[in-house]
Amino acid sequence: MRASLLLLLFVLVGCQSADSTQTSAPPAQPSVDDAVPVPQPGTLPGEGDRCFTNGDCQGALVCQGQGCPGDGSYGQCVNPNRPCTMDFATYCGCDGKEFGGSGSCPNARFIRKGQCLDTDLQTLPSQSELQH
């Protein structure tokens, strides 16, 4: 009986140690080649410069930001192809027309985020102010 118990104990310990020696493969780590480069601000000449209109920005950069040229507020020259959030937002443009874009990247100057109000039409700059 004692021999049977010792044999059973030996078999159980042997099975347990056999299972513990089996290792699973470590989780795959992303390689450096898989990384997607994210453009950083200031990577294009003129990116980040102050502007009133797109004409103030270099190359393909666009002037973006709340405020319109006629109110004296500045926008910022930005790369229109930069990473942006996927949410959709409505903006009231400086021309009094609503437009849509990313919540983080409208790619234009605007009076407000949201629909245009009747009072916005009274505060719009004149066409000569937009030409500056």
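For this structure, a couple of remarks:
- Residues of the stretch 84-107 that turn out to be assigned to a strand (DSSP E or B) and among the hydrophobic types (A, V, I, L, M, F, W, C), as a count: 4
- Restricting attention to the stretch 56-88 and to residues that are more than 14 Å from Phe110 (Cα to Cα) and aliphatic (A, V, I, L, M), the residue that is nearest to the chain's Cα centre (by Cα) turns out to be Met86.
- Among (1) surrounded by 18 or more Cβ atoms within 10 Å (Cβ to Cβ); (2) without any contact (Cβ under 8 Å) to a residue 12 or more places away in the chain, the one test that Cys94 misses: (2)
- Leading residue by the ranking (surrounded by the most Cβ atoms within 10 Å (Cβ to Cβ)) among those in the stretch 107-128 that are at pLDDT below 90 and hydrophobic (A, V, I, L, M, F, W, C): Leu124
- Neighbours by Cβ (under 8 Å, 6+ apart or cross-chain): first from the stretch 97-121, under 21 Å from Gly72 (Cα atoms); second loosely packed, with under 15 Cβ neighbours inside 10 Å and among the hydroxyl-bearing types (Ser, Thr, Tyr): Ile111/Thr123
- In the stretch 57-74, the residues that are over 18 Å from Tyr91 (Cβ atoms) form Cβ pairs under 8 Å with partners that are part of a helix (DSSP H, G or I), at six or more places apart or across chains, as follows: Leu61/Asn54.
The values are calculated or read from the model by the stated rules, or taken from the named source; none is laboratory data. For clarity, every value in this text was computed on a predicted model and none was experimentally measured. When we count neighbours, we look across all protein chains shown, and the Cβ atoms used for this are built from the backbone with ideal geometry, even at glycine.
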